[in-house]
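Below is one structure; the comments refer to it alone.
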Amino acid sequence: MRLNRYIASAGVASRRKADQLIEAGQVRVNGALIDVLGYDVQPGDKVEVAGRLIEPAKSHVYIMLNKPKGYITSTADEKDRPTVMSLVEDTGERLFPIGRLDYNTQGMLLLTNDGDLAYHLTHPKHQIPKTYRVRVNGVLSPERIARLRKGVDIGGFVTSPAQVEVVKQLERSAVVEITIHEGKNRQVRKMFAAVGNKVIELERVAIGQLKLGRLKPGHYRNLTAREIDWLKQ
Ligand code: URA
């Protein structure tokens, strides 16, 4: 098994992060420093990351968290803001998030210790559809909806076609569901800004077939076997 994959399957880091650790000279195999990618781990090899012996292929955990607003999706924050990790501490597992949600966005965040799956799912070529329920300021005219559906320029990047449904148009705000296929930084906020509507509230309600449902903010659950199968295929 490739060294980066072995490290990922031990739940130490995602595969991409494992490559960085290898290149940074943090990885030893049977005591010898390995700092080039592509090393094949053999049965019986002893792999150390940052001086710690790692164990391969733990049983994997897959979790759906309803991330509340006011939490950052990261393992640590230099400004000492609360992290999503504090919400899943009681699993006793070292998990990492699959993708990200902004500090002020709530909704579905998947976490796992399966570094291999995390690597696949966050790779740009996979483009898993993600659905957001958005409250925006002002009126969403048919012309703006058409632009969002077709794709808008969010600063050097034109978004691919999106599904957009207006759930409710009130006097001064609207509730919309939008499904996008990329995961650019602050993409949904930028898309609405591009057509002239400010996002007031943003919640991710689905990732592909996985639905947030009635999971409350700050709560998490294990994915079902069917949900895990869907993610893996
Ligand atoms: N789009 C955003 O603007 N923010 C998120 O957190 C996710 C998608």
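The figures follow:
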item: Solvent accessible area, Å² - T73, 1.4 Å probe, full protein context; result: 20
item: DSSP-defined antiparallel bridges as percent of all bridges, the chain, nearest 5; result: 95
item: Part-to-part distance (alpha-carbon centres) for the stretch 201-220 and the stretch 34-107, which is given in Å; result: 20
item: Check: the chain dipole with +1 on Lys, Arg Cβ and -1 on Asp, Glu Cβ, in debye; result: 860
item: Surface accessible to a 1.4 Å probe, H60 within the full protein complex, Å²; result: 70
item: Diffusion coefficient, µm² s⁻¹, Stokes-Einstein with Kirkwood Rh over alpha-carbon pairs of the stretch 130-207 at 20 °C and 1.002 mPa s; result: 177
item: Ellipsoid semi-axes in whole angstrom, largest first, where each is sqrt(5λ) of the Cα gyration tensor of the chain; result: 38, 18, 16
item: Ranking by accessible area, most exposed first, for Y6, Y71 with a 1.4 Å probe; result: Y71, Y6
item: Solvent-accessible area of D153 with every protein chain in place, 1.4 Å probe, in Å² to the nearest 10; result: 90
item: With every protein chain in place, the stretch 130-207: carbon and sulfur % of accessible area (1.4 Å); result: 50
item: Accessible area expressed per residue, the chain, with surrounding protein chains retained (probe 1.4 Å, Å²); result: 54
item: Ranked order, S59, S9, S160 - accessible area, probe 1.4 Å, largest first; result: S59, S160, S9
item: Where N is the number of residues in the stretch 3-54, Cα Rg divided by 2.2 N^0.38 Å; result: 0.94
item: Within the stretch 115-233: Cβ-based charge dipole about Cα centre, in debye rounded to nearest 20 (Lys, Arg +1; Asp, Glu -1); result: 200
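The values are calculated or read from the model by the stated rules, or taken from the named source; none is laboratory data. Worth saying up front: this structure is predicted, and the values here are computed from it rather than measured. Cβ atoms come from the backbone with ideal geometry, glycine included; neighbour counts cover every protein chain shown. To get the accessible areas, we keep the full protein, side chains included, count just its heavy atoms, and leave off ligands, DNA and RNA. Shrake-Rupley method; radii C 1.70, N 1.55, O 1.52, S 1.80 Å.
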